[in-house]
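*Asks:* Attaching a single structure in structure tokens format; questions to follow.
The values are calculated or read from the model by the stated rules, or taken from the named source; none is laboratory data. Fair warning: this is a prediction, and the values are worked out from it, not measured in the lab. Glycine gets a Cβ as well: all are built from the backbone with ideal geometry, and neighbour counts include every protein chain shown. Heavy atoms of the whole protein, side chains included, go into the accessibility calculation; ligands, DNA and RNA do not. Shrake-Rupley method; radii C 1.70, N 1.55, O 1.52, S 1.80 Å.
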Amino acid sequence: MTPLTAQLASPTAQKSAKTEIEAKEKVPLGTKVYETGSTVVLASQSNKIEAKQNLANRNGRSHQPTSKVVYSVVHTVPGRMRLRIPQLRDNSAYVQRLQTLLEVDPLVTSVRIKPAAASLVVTYKSGTVSEAKMRSRLSCLIMTANDANVVLLDQKKPVDAKPKEDEEAAWPGLQLSAVATGLAVLGGPLGLSVPPIMVAGTIALATLPVFQRAIAGIVMQRKLTIDVLDLLAIVITTVQGQFLTPALMLSLIEIGENIRDRTARSSKMQTLDLLNSLGQFVWVERDGEKIQISIKEVRSGDTVIVYPGEQVPVDGSILRGKALLDEQKLTGESVPVLKTKGQPVFASTLVREGSIYILAERVGNDTRAGQSIKLMQEAPVHDTRMENCAIKIAEKAVVPTLLLGAGVFAVTRNAARAASVLTLDFATGIRVSVPTTVLAALTYAARHGILIRSGRALEQLAEVDTIVFDKTGTLTKGEVAVVGVDSFHPEVSEARVLAIAAAAEQRLTHPVAEAVIRYAEAQQVVIPNRSKWNYKLGLGVEAEIDSEAIYVGSERFLRQQGVNMEALNDGNRINSVIYVASNGKLLGRIRYSDILRPETREVINHLLTVEGVEVHMLTGDNQRTAKAVAAELGIVRANTHAEAFPEQKAAVVRELHEQGKTVAFVGDGINDSPALAYADVSVSFAHGSEIARETADVVLMENDLHGILEAIALARNARKLIRQNTSLVAIPNIAAMAIAVLFGLNPLGATVVNNGSTIVAGVNGLRPILKNSPKKALPSA
């Protein structure tokens, strides 16, 4: 499923296609013609599209077009595109198929089709996809919808059908309770003439969600929940005509439910499709010809061609060519690796230089990167939340409260006193104050550059006793930087070594070359002009500078050029270094590494000494590099895990969790996503990979590790506030209940005590956002 303009590689094929098109019909200027394959099957599941196409030409048969679509782009601005498709006018089936495909596409935000005008207007997520890629995506959907063999496997369910829980959430319980309260106030304290049946009817409608939850608790959970107490108190006071009491109760209940729903994290994890993070089209070689096809059409056994600046779309081995590959997303290694014929390559890695032909062995979600995503998807989903723990405490008091109310009624035969006892349960106060505290903490964190996705994440942050850090891109900057320059000759200054190296490396795209240029500019070194130069992929560069023959690169490269390397010995050899030579003489070397973030030492030291947290470090680097970094940060050797691939990182996190520790994992790459998913609470950065951001419970928007300290302090402060609020709610209600049992208490008075304590606790829970504190100063309990 590709555009003819992109698919036709040879001039002969282009001429043939052009003749065929012009013979059939005249195409307006700026219009593209597309063709489809023989059979397309599409399945819509959770906004994910899967496309399968039987390609006749895979077995040497010619590819016969079954249909074509003529369309043109009328107007485009970032995030919005208008197209004209003549076929929309007279093909209602095509309109339906196209609308369905566009509506389930995760990148499309809205679709508007006007068949009479042959117009299609699409708005899309411009921050997620470029205009060029969106055009390609729309092209595939436009021509796919034209195929008569397209089968929508989910046709029985309308595209716009809402889940059952969404329908329940649409019930206007909060609005109805507000109306009921208003009518009760007008007909009660204000003395206006409001028909009691109107007030009672509104209360009955507003009570429906409470009734459903109470029945669900009895039938499904086989227990009496706090909703049963609420329902009984509402029914008794409503029957007695005390409308203000049940109306106020309902309003508080609905407020609590709405706030709690906002703080809850969904238990359904969205499917992350690896192919969506790669390019939409790839080049393959078939029958000796290069053609561009959709990434979803690549199969095991294909010969895939990858050029500079492109991501490798498959796992496989190099058939021919060589390239410098950036594998940081997958392995965490910040320095690119040179790979040649016979060596393995992996999907999601980036070709920095060179081009390679790859024999595809694993594609799609079968690749190593795809398996990382699969591990993440299979991780246990935790739905425990901080507020749920408080509600469980309140639920334990349901049966005693119910028995006490029944006892009071049996002794006094006074339904009002019994209703007062039921009204004074402290479950309502907890159900409002706890989520209010959680939401306030999440809001405060968001204002200060920390995105905490749920109350559950806040709860786990407060309990964290072990933090596992990925090294590359988390503890370090994730980019190569020069750390020093050494001269091997007294007559040659370090500045001269740096200057001629920078001159030789200028305009090269290798990360080390870029680091040398940045360092030279920072040191304000005068960089001389370079005349002739020749770059050797994976080795180094030779250049002519100031009439001298300069060589900059690896030890192997300089030895190949006949440079005398006697100045080197086993004591001064290091791994991350390039050498500089002039006219066959070794002048010096430039040391580089993936340097630590400026705040890393301070944050790790604070966690170890002040917070008393156990710190681990995971990395794909070798043992020597890992131990050196760990020693610099004060992390013990036993807690340092080197040469760790995604599955090993996840295993380390699982092992710590099984030891009874509450584990936080901090990482930012595709290779970190399984460990992020298995951790009790996961932390990533805003600049990290899309998969890591989607998996993480906490996202540091400012890419600063200090955010971890702030998040932990905020979570522990929220825990203290919740304990305070539990006391603020429980103590007044228990005291009022004693009065109600021994001496009697008007239901309205009981409601005032109950609601008053709830309001006090709720306001106390809002302290994190009501207190104007500077960014680094966290609110205290």
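*Asks:* Only one of these conditions is not met by Glu643: (1) assigned to a helix (DSSP H, G or I); (2) more than 22 Å from Asp704 (Cβ to Cβ); (3) open to solvent by 60 Å² or more (accessible area, probe 1.4 Å); (4) not hydroxyl-bearing (Ser, Thr, Tyr). Which number is it?
*Replies:* Tallying (1) assigned to a helix (DSSP H, G or I); (2) more than 22 Å from Asp704 (Cβ to Cβ); (3) open to solvent by 60 Å² or more (accessible area, probe 1.4 Å); (4) not hydroxyl-bearing (Ser, Thr, Tyr), Glu643 fails exactly one: (1).
*Asks:* Which of the residues spanning region 710-729 are open to solvent by 30 Å² or more (accessible area, probe 1.4 Å) and touching a residue at least 60 places away in the same chain (Cβ under 8 Å)? Give the steps one after another, and end with the answer.
*Replies:* Filtering region 710-729 for residues open to solvent by 30 Å² or more (accessible area, probe 1.4 Å) gives 713, 716, 719-720, 723-724, 726-728.
Correct list: Ala713, Arg716, Arg719, Lys720, Thr726, Leu728.
*Asks:* Any idea which residue in region 580-596 is nearest to Glu542 (Cα to Cα), counting only those that are of a type in the set (Lys, Arg) and touching a strand residue (DSSP E or B) at 6+ places or on another chain (Cβ under 6 Å)?
*Replies:* Taking region 580-596 first, the residues of a type in the set (Lys, Arg) are 585, 589, 591.
Going one step further and asking which of them are touching a strand residue (DSSP E or B) at 6+ places or on another chain (Cβ under 6 Å), we end up with 589, 591.
Numbers: Arg589: 15, Arg591: 19 Å.
Among those residues, the one meeting the criterion is Arg589.
*Asks:* Going by the structure shown, is Leu176 more than 30 Å from Phe281 (Cα to Cα), hydrophobic (A, V, I, L, M, F, W, C), at pLDDT 85 or above and out of contact with any strand residue (DSSP E or B) (no Cβ under 7 Å at 6 or more places or on another chain)? Outline the logic, then answer.
*Replies:* Details: more than 30 Å from Phe281 (Cα to Cα): yes; hydrophobic (A, V, I, L, M, F, W, C): yes; at pLDDT 85 or above: yes; out of contact with any strand residue (DSSP E or B) (no Cβ under 7 Å at 6 or more places or on another chain): yes.
So Leu176 fits the description; yes.
*Asks:* Which of the residues that make up region 445-454 are open to solvent by less than 10 Å² (accessible area, probe 1.4 Å) and more than 17 Å from the chain's Cα centre (by Cα)?
*Replies:* Passing the criteria: only Ala445.
*Asks:* Does Leu330 fit the bill of being outside any helix (DSSP H, G or I) and either at pLDDT 85 or above or surrounded by 22 or more Cβ atoms within 10 Å (Cβ to Cβ) (or both)? Spell out the reasoning first.
*Replies:* On the way: outside any helix (DSSP H, G or I): no; either at pLDDT 85 or above or surrounded by 22 or more Cβ atoms within 10 Å (Cβ to Cβ) (or both): yes.
Here the answer is no, as Leu330 does not meet what is asked.
*Asks:* Looking only at region 598-618, decide whether some residue is closer than 24 Å to Gly553 by Cα, touching a residue at least 40 places away in the same chain (Cβ under 8 Å) and surrounded by fewer than 17 Cβ atoms within 10 Å (Cβ to Cβ).
*Replies:* In the first step, residues of region 598-618 are kept if they are closer than 24 Å to Gly553 by Cα; the result is none.
So far as region 598-618 goes, no, none of its residues is closer than 24 Å to Gly553 by Cα, touching a residue at least 40 places away in the same chain (Cβ under 8 Å) and surrounded by fewer than 17 Cβ atoms within 10 Å (Cβ to Cβ).
*Asks:* Here's something else I'd like to know. Looking at Pro732, Pro747, which is the one that is open to solvent by less than 10 Å² (accessible area, probe 1.4 Å) and not aliphatic (A, V, I, L, M)?
*Replies:* Working: Pro732 fails: open to solvent by less than 10 Å² (accessible area, probe 1.4 Å).
One residue alone meets the criteria, Pro747.
*Asks:* State which residue is nearest to the chain's Cα centre (by Cα) when the search covers only region 735-744 and only residues that are small (Gly, Ala, Ser) and open to solvent by 40 Å² or more (accessible area, probe 1.4 Å). Steps first, answer last, please.
*Replies:* Taking region 735-744 and keeping what is small (Gly, Ala, Ser), we get 735-736, 738, 740, 744.
Checking which are open to solvent by 40 Å² or more (accessible area, probe 1.4 Å) leaves us with 735, 738.
On the way: Ala735: 47, Ala738: 51 Å.
For region 735-744, the residue satisfying everything is Ala735.
*Asks:* Which of the residues spanning region 463-504 are part of a strand (DSSP E or B), of a type in the set (S, T, N, Q) and either without any contact (Cβ under 8 Å) to a residue 40 or more places away in the chain or open to solvent by 10 Å² or more (accessible area, probe 1.4 Å) (or both)? Break it down into steps so the answer makes sense when it comes.
*Replies:* Pass one, region 463-504, residues part of a strand (DSSP E or B): 466-470, 476-487.
Those left that are additionally of a type in the set (S, T, N, Q): 466, 476, 487.
Correct list: Ser487 only.
*Asks:* For region 648-685, name all the residues that are acidic (Asp, Glu), in a loop (DSSP other than H, G, I, E, B) and at pLDDT 80 or above.
*Replies:* Asp680
*Asks:* Residues of region 450-491 being of a type in the set (Gly, Ala, Ser), under 19 Å from Phe685 (Cβ atoms) and touching a strand residue (DSSP E or B) at 6+ places or on another chain (Cβ under 7 Å), which ones? Steps first, please.
*Replies:* Start the filter on region 450-491 by keeping residues that are of a type in the set (Gly, Ala, Ser), which leaves 454-455, 457, 462, 473, 478, 481, 484, 487.
From what's left, under 19 Å from Phe685 (Cβ atoms): 454, 457, 473, 478, 481.
Correct list: Ala457, Gly478, Ala481.
*Asks:* Filter region 207-255 down to residues that are of a type outside the set (Phe, Trp, Tyr), under 16 Å from Ala419 (Cβ atoms) and part of a loop (DSSP other than H, G, I, E, B), then give me how many there are.
*Replies:* 3
*Asks:* Take region 515-538 and flag every residue that is open to solvent by less than 40 Å² (accessible area, probe 1.4 Å) and either free of Cβ contacts under 8 Å to residues at least 60 places away in the same chain or touching a Pro at 6+ places or on another chain (Cβ under 8 Å) (or both). Please lay out each step first, then the result.
*Replies:* Quick first cut of region 515-538, residues open to solvent by less than 40 Å² (accessible area, probe 1.4 Å) only: 515-517, 520, 525, 528, 530, 537-538.
Scanning region 515-538 gives Ile517, Ala520, Val525, Pro528, Arg530.
*Asks:* Residues being within 16 Å of Arg496 (Cβ to Cβ) and of a type in the set (Asp, Glu): count how many of those fall in region 522-557. Outline the logic, then answer.
*Replies:* So in region 522-557, the residues within 16 Å of Arg496 (Cβ to Cβ) come out as 523-530, 543, 545-552.
Pick out the ones that are also of a type in the set (Asp, Glu) and you get 546, 548.
The qualifying residues number 2.
*Asks:* Six or more apart or on different chains, Cβ atoms under 9 Å: show the pairs whose first residue is in region 641-658 and under 12 Å from Val468 (Cβ atoms) and whose second is open to solvent by 70 Å² or more (accessible area, probe 1.4 Å).
*Replies:* Here the result reads His641/Gln648, each pair linking region 641-658 to a residue that is open to solvent by 70 Å² or more (accessible area, probe 1.4 Å).
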